[in-house]
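Report on one structure; see the data block that follows.
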Amino acid sequence: MNLDFSQIVPYIPFMLEGIWVTLKFVFFAIIFGFILGTILALFKINHVRPLRWFADAYTSIFRGTPLILQLMIIYFAVPQLTGYDITPFLSAILAFGLNSSAYVSEIIRAGINAVDRGQTEAAIALGIPYRQRMTDIILPQAMKNILPALMNEFITLTKESALVSTIGYLDLMRRAQVVGADLYRNFEPLLFVGVLYWLMVMGLTIIGRLLERRMSVSD
């Protein structure tokens, strides 16, 4: 089969470093996407029509266009329009965060709408302000319901992070390509980083299950 994994041994530290490089931008993209997605979800259930229209239009645009197109626009078009030489790291955070927020907003909106309406009516009857009502009553209950969907979105984001290799960011995928080009052997490094991606996804899956179990115990 012409396979020789011994040739990639000297490159293993180089490829392992890609785990931290990948997780670093994924972490910031998740935080950014979750915060923006929460804001958009609140816009969607708001009675102010312009806010609902903006949130719906935003979601339509970012869910209706390919993620790689959004990444290319941010990395290549932003410097053309603004003169600012944006880095691959910042481009990755913005593209993945903006894209993820569109999906997160729908997940959170669905979670909020799934909360028993009686909770809201009781809070209004008690005179609890809107902000406190959302942060202390509605959102905590919604988060318990949508945690599996949120973790699935974060896992998807981690897998799709390989797209940043197209803009030269030295993530796991890009490092596998570099090693493959250096050795003129692509299967071994690609298989190796494939295992690393699988391990990261399994780690996130375990964390998600632990969080679900902990939140169910606290009920």
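Quick note: the coordinates plus some simple rules give every number you see, no bench work behind them. What you are looking at is a predicted structure, and each value in this text was computed from that prediction instead of being measured. Backbone-built Cβ (ideal geometry, glycine too); neighbour counts: all protein chains shown.
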Over its alpha-carbon atoms, segment 108-219 yields an Rg and a Dmax in Å of 21.2, 70
Can you list residues whose amide H is under 5 Å from Tyr169's amide H, if they're 5+ apart or on another chain and H is modeled 1.01 Å from N?
none
Between segment 147-219 and segment 32-87, what is the C-alpha centre distance in whole Å?
23
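Evaluate the Kirkwood expression for the hydrodynamic radius of segment 1-69, namely the inverse of the mean inverse distance over all pairs of different C-alpha atoms, and round to one decimal in Å.
Working: mean 1/r = 0.0637 Å⁻¹.
Result for segment 1-69, one decimal place: 15.7 Å.
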Give, to the nearest whole percent, the P(r) tail of segment 1-40 beyond 13 angstrom, counting all Cα pairs.
67
Please report, in debye to the nearest 20, how large the charge dipole of segment 7-217 is about its Cα centre when each Lys and Arg carries +1 at its beta carbon and each Asp and Glu carries -1 there.
480
Just tell me, in residue order, which DSSP H segments of the chain are both 27 angstrom or longer along the helix axis (alpha-carbon based) and at least 1.0 in mean Kyte-Doolittle hydropathy.
12-44, 187-217
With 10 Å bins from 0: P(r) over segment 155-203, alpha-carbon pairs, percent
28, 54, 18, 1
From DSSP H assignment alone, runs of 4+ in the chain each adding -39500 (n - 2.57), the sum over residues rounded to the nearest 500 puts [θ] at 222 nm at -25000 deg cm²/dmol
Specify which residue in the list Phe192, Ala122, Ala181 is farthest towards the positive end of the charge dipole of segment 84-219, using unit charges on the beta carbon of Lys, Arg (+1) and Asp, Glu (-1), about the Cα centre.
Ala122
Here, trypsin sites (Lys or Arg not before Pro) of segment 1-99 satisfying both criteria (DSSP loop; at most 16 other Cβ within 10 Å) are none
Specify which residue in the list Val21, Ile35, Leu139 is farthest towards the positive end of the charge dipole of segment 7-217, using unit charges on the beta carbon of Lys, Arg (+1) and Asp, Glu (-1), about the Cα centre.
Leu139
Full extension between Lys159 and Ile73 adds, at 0.36 nm per residue less the Cα distance, a length in nm of 28.9 nm
Note: probe point = Cα of Leu16 + 7 Å toward Cβ; backbone nitrogen < 19 Å; residues of segment 193-209 passing the test are 193-203
Using a basic spin-label model with each label point 7 Å from the Cα along Cα→Cβ, how many nm lie between Ile128 and Ile86?
3.9
Set of lysines with alpha-carbon distance to Lys159 below 20 Å, sequence-local pairs under 8 removed:
Lys24
Send over the per residue convex hull volume for segment 7-217, Cα only, as a whole number of Å³.
136
Could you tell me the relative contact order of segment 92-158? Use alpha-carbon pairs under 8 Å, at least six residues apart, and round to a whole percent.
50
Exposed-loop-free span, longest in the chain, where chymotrypsin sites (Phe, Trp or Tyr not before Pro) count as exposed if DSSP calls them loop and at most 13 other C-beta atoms lie within 10 Å:
85-183
